[in-house]
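The values are calculated or read from the model by the stated rules, or taken from the named source; none is laboratory data. Quick caveat, the model's predicted, so the values are computed rather than measured. Cβ: placed from backbone, ideal geometry, glycine included. Neighbour counts: every protein chain shown. All accessible areas refer to the heavy atoms of the entire protein, side chains included, with ligands and DNA or RNA removed. Shrake-Rupley method; radii C 1.70, N 1.55, O 1.52, S 1.80 Å.
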Amino acid sequence: MGIEIKGLTVPALLIKLDPNLTVEENIEQLEKKLSSAVFKGSYAVLDYNGMELTQEQSKKIEDILKEHNTQILGYQNTKSNDLKKSVNEKKSLKIVNKTLRSGQTIEYDGDVLILGDVNPDAYVTAAGSIIVMGALRGVVHAGANGDESAIIMALKLIPQQLRIASYIARSPDSYEEVNQPEKAYVENNMIVIEKIK
């Protein structure tokens with residue numbers, strides 16, 4: 001059957017390794033498939049599908065993704081329903097496959113990937129980073145345990161409030177809509193927002 005690449009939601013990909021192939025054969029197929037310009041600038045969740053990956057192999061896969069301008073968001077293992085930020089770090093990733101409506105709350109001790117929007121008055125709190133594959137219009141707090149290296153990323157970043165560790169930022173009253181993903185991170189004791197190229 002071979003390796004599968006599915007769009008979770010543009011530009012997020014689910015890359016599913018084939019357990020009937022060797023890791024090397026999966027890597028070869030991945031390289032071929034990613035050479036298509038369609039995947040450039042995307043973000044990927046890698047499903048290693050019950051396979052054992054060494055640190056060296058996972059680094060090789062991450063390098064291939066970087067080479068093709070694709071960022072890895074996390075690892076998933078469908079065989080055990082196990083979600084990991086990376087094979088080495090063992091930091092877990094929670095995937096929320098829905099839009100959060102007003103009043104809904106997500107709290108998680110790791111990274112959160114939301115495949116949908118975060119509407120006004122919806123709240124997301126994570127010990128790690130928060131990635132929204134849609135419009136972020138609610139309140140989000142990344143690095144809630146004090147991790148200043150956490151980031152917040154969204155396809156449309158128009159939040160009521162952003163927090164990273166102990167830093168807080170709000171959207172300006174007049175906002176020019178940007179049709180491009182943006183990320184927020186802490187630099188020089190303040191939250192900086194920049195476009196993702």
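Would you confirm, using the coordinates I've provided, whether P172 is part of a loop (DSSP other than H, G, I, E, B) and at pLDDT 95 or above? Spelling it out, it is not the case that P172 is part of a loop (DSSP other than H, G, I, E, B) and at pLDDT 95 or above.
Do we find that P159 is over 19 Å from K195 (Cα atoms), of a type outside the set (G, A, S) and part of a loop (DSSP other than H, G, I, E, B) in this structure?
Judged against the criteria, P159 is not a match.
For the structure I just gave you, tell me whether I61 is at pLDDT 60 or above, buried (at least 17 other Cβ atoms within 10 Å of the Cβ) and closer than 20 Å to A154 by Cα. Against the criterion (at pLDDT 60 or above, buried (at least 17 other Cβ atoms within 10 Å of the Cβ) and closer than 20 Å to A154 by Cα), I61 does not qualify. Note on region 34-48: residues that are more than 16 Å from the chain's Cα centre (by Cα) and surrounded by fewer than 18 Cβ atoms within 10 Å (Cβ to Cβ) amount to 4.
Before we move on, is L53 at pLDDT 75 or above, in a helix (DSSP H, G or I), touching a helix residue (DSSP H, G or I) at 6+ places or on another chain (Cβ under 8 Å) and not small (G, A, S)? Considered against the rule, which asks whether it is at pLDDT 75 or above, in a helix (DSSP H, G or I), touching a helix residue (DSSP H, G or I) at 6+ places or on another chain (Cβ under 8 Å) and not small (G, A, S), L53 comes out as no. Checked across region 170-185, the condition of being touching a Gly at 6+ places or on another chain (Cβ under 8 Å) and open to solvent by less than 60 Å² (accessible area, probe 1.4 Å) holds for no residue.
In region 137-152, the residue that is surrounded by the fewest Cβ atoms within 10 Å (Cβ to Cβ) out of those that are under 14 Å from A169 (Cα atoms) and under 14 Å from the mean Cα position of the chain (by Cα) is I151. I want to confirm something. Restricting to region 68-118 and keeping residues that are at pLDDT 75 or above, more than 15 Å from the chain's Cα centre (by Cα) and assigned to a strand (DSSP E or B), which single residue is surrounded by the fewest Cβ atoms within 10 Å (Cβ to Cβ)? Per the criteria, the residue is T105. When region 27-37 is filtered for residues that are free of Cβ contacts under 8 Å to residues at least 24 places away in the same chain and not in a loop (DSSP other than H, G, I, E, B), the ones remaining, listed by number, are E28, K32, A37.
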